[in-house]
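Data block below; observations after.
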Amino acid sequence: MNRRGFLATSIAAAVPARAANRIDWSRISVLTDEVGKTPEEALAFCKQYGLKWVELRGIPGQRKSYFTLEGDELKTAAKQFKDAGLGVSFLNTGMLKFDLPGTVPARKRVETEEQKAARAASAQAQFDRRLDTLRQAITAAKAFNVGIVRVFTFSRVE
């Protein structure tokens, strides 16, 4: 084999390897609540751009998260994505996005004692419900056939 043949073979072999590392539309995922004001608009956006993956966070146009859906609502939402040919790459939750009880969070704004007490009570209530919230997220993840669930690690402390 001469040098010219070696180079031609090397370049030909490198093209498929390089293509495997390229990011194309099949590897792009969008947050549904960022691309549509309703679930239907989000699905239409994905279809328009040939997307195959979505991340779920808030339900577009509603004040609830996909991971909080239950029963028939959850089944219907999961079916919508499946029927549209979309996979769910990531299920975003607000789990543990609060102050860990007994810690002092880093705050940039000044709070009154009443505000601090209300925030602490809310954090304690969320902490007490954390295992139920986890079960809810796992149920939703199974329904959406997604293996990745986002969880926070409480508020930053001083």
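Nothing in this text is a laboratory measurement; each read-out follows from the coordinates by a stated rule. Bear in mind the structure is a predicted one, so any value in this text is a computation, not a measurement. Backbone-built Cβ (ideal geometry, glycine too); neighbour counts: all protein chains shown.
Before moving on, here are some points about what is shown:
- Modelled spin-label separation between ASP132 and THR76, with each label point placed 7 Å from Cα along the Cα-to-Cβ direction: 2.4 nm.
- Taking a ≥ b ≥ c as the square roots of the Cα gyration tensor eigenvalues, the chain comes out prolate, since a/c reaches at least 1.5 and a/b is larger than b/c.
- Relative contact order for the stretch 24-150, counting Cα pairs under 8 Å that sit 6 or more residues apart, in percent: 26 percent
- Kyte-Doolittle mean at least -1.0 and Cα axial length at least 15 Å: DSSP H helices in the chain: 3-21, 130-144
- The stretch 24-54: chymotrypsin sites (Phe, Trp or Tyr not before Pro) in DSSP coil with no more than 12 other Cβ atoms inside 10 Å: TYR49
- Counted charge near LYS142, where neighbours are those whose Cβ lies closer than 12 Å (Asp, Glu -1; Lys, Arg +1): +2
- Computed over the chain, the per-residue total of -39500 (n - 2.57) for DSSP H runs of n ≥ 4 gives a 222 nm mean residue ellipticity of -15500 deg cm²/dmol, rounded to 500.
- Nitroxide proxy distance, nm - points 7 Å out along Cα→Cβ at VAL151 and THR112: 3.7 nm
- Local electrostatic count, GLY85, Cβ distance below 10 Å [Lys/Arg +1, Asp/Glu -1]: +2
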